[in-house]
Amino acid sequence: MSEKFKIHDQTYPYFVTFTVVKWVDVFTRNCYSDIIIDSLNYCINNKGLMIYSYCIMTNHIHLVIGTKSNFKLENTIRDFRGFTSKKLKEEIELNPLESRKNWMLEIFRHEGKRRASNKGFQFWKRNYHPILMYSNQLLNQKIEYIHQNPVKAGFVSKPEHYMYSSAVNYSGFKGIIDVKAAY
């Protein structure tokens, strides 16, 4: 990862995007999105993760995240991505209703063979390009962008109607993840 895209200051939140390799639409099934939600909640409770905003789309996840003191954000991200990659692979393999199982697993195996460190399987694209949220204006802009993703994709007409997004939290209701409100 270039120096431009590294976490340099643990005291600020960062905008990150985790993308499934080859843009495979994995998160069209709730059972896979729920693994992400459970893992994010685990990281909040056990790894110092602070989530300001999130949205799980069909093939990528947008987040504005930070960390509590005594934790390193890049370590939490590494652990989250490693765990979810393995867990999602298992869930896809064991899901009797997954009609695209062989196709998805073959893509993940093919991408995994391209890098020796992957052990023959890769779920997430390698880079997630953390962008430092150095101002409230930039932070608010990224949160708005994240919340508008499902609207622009045509999934919902209002951001707060999308289940796998923090937009509901910002509209005054309790979401499926407790977020740290940025405004």
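Any read-out appearing in this document is the output of simple, stated calculations on the displayed coordinates, not a laboratory observation. Since the structure is predicted, the reported quantities are computational estimates derived from the model, not experimental observations. Heads up, the Cβs are rebuilt from the backbone with ideal geometry, glycines too, and the neighbour counts pull from every protein chain shown.
Taking Cα centroids, how far is region 44-97 from region 111-183 in Å?
11 Å
Subtract the Cα-Cα distance of K119 and N59 from 0.36 nm times their separation in residues, and report this length gain in nm to one decimal.
19.4 nm
Give me the three principal axis extents of the chain from the C-alpha atoms, as integers in angstrom, largest value leading.
Ordered largest first, the chain gives principal extents of 44, 38, 28 Å.
With a 10 Å Cβ neighbour count serving as the proxy for reagent exposure, in which order, fewest first, do K119, K158 appear?
In increasing order of surrounding Cβ atoms, one gets K119, K158.
Taking the mean number of other Cβ atoms within 10 Å as a proxy for protection, how do you rank 169-178, 125-134 from highest to lowest?
125-134, 169-178
In nm, to one decimal, how far is the V156 label point from the N127 one, both placed 7 Å along Cα→Cβ?
Rounded to a tenth, the inter-label distance reads 3.1 nm.
How high is the relative contact order of the chain? Use alpha-carbon pairs under 8 Å, at least six apart in sequence, and give a whole percent.
Relative CO of the chain lands at 29 percent.
Which net charge results for the neighbourhood of K22, defined as the other residues with beta-carbon distances under 13 angstrom from its beta-carbon, given Lys and Arg at +1 and Asp and Glu at -1?
Cβ neighbours under 13 Å give a net charge of +2.
Between Q148 and T28, what is the FRET efficiency for a Förster distance of 22 Å, r being their Cβ-Cβ separation, to the nearest 0.05?
0.65
Please report the net charge: other residues with Cβ closer than 14 Å to the Cβ of Y12, K and R +1, D and E -1.
So the surrounding residues net to +3.
So, with +1 on the Cβ of K and R and -1 on the Cβ of D and E, and no other charges, what is the size of the charge dipole of the chain about its Cα centre, to the nearest 20 debye?
Using Cβ point charges on Lys, Arg, Asp and Glu, the chain gives about 560 debye.
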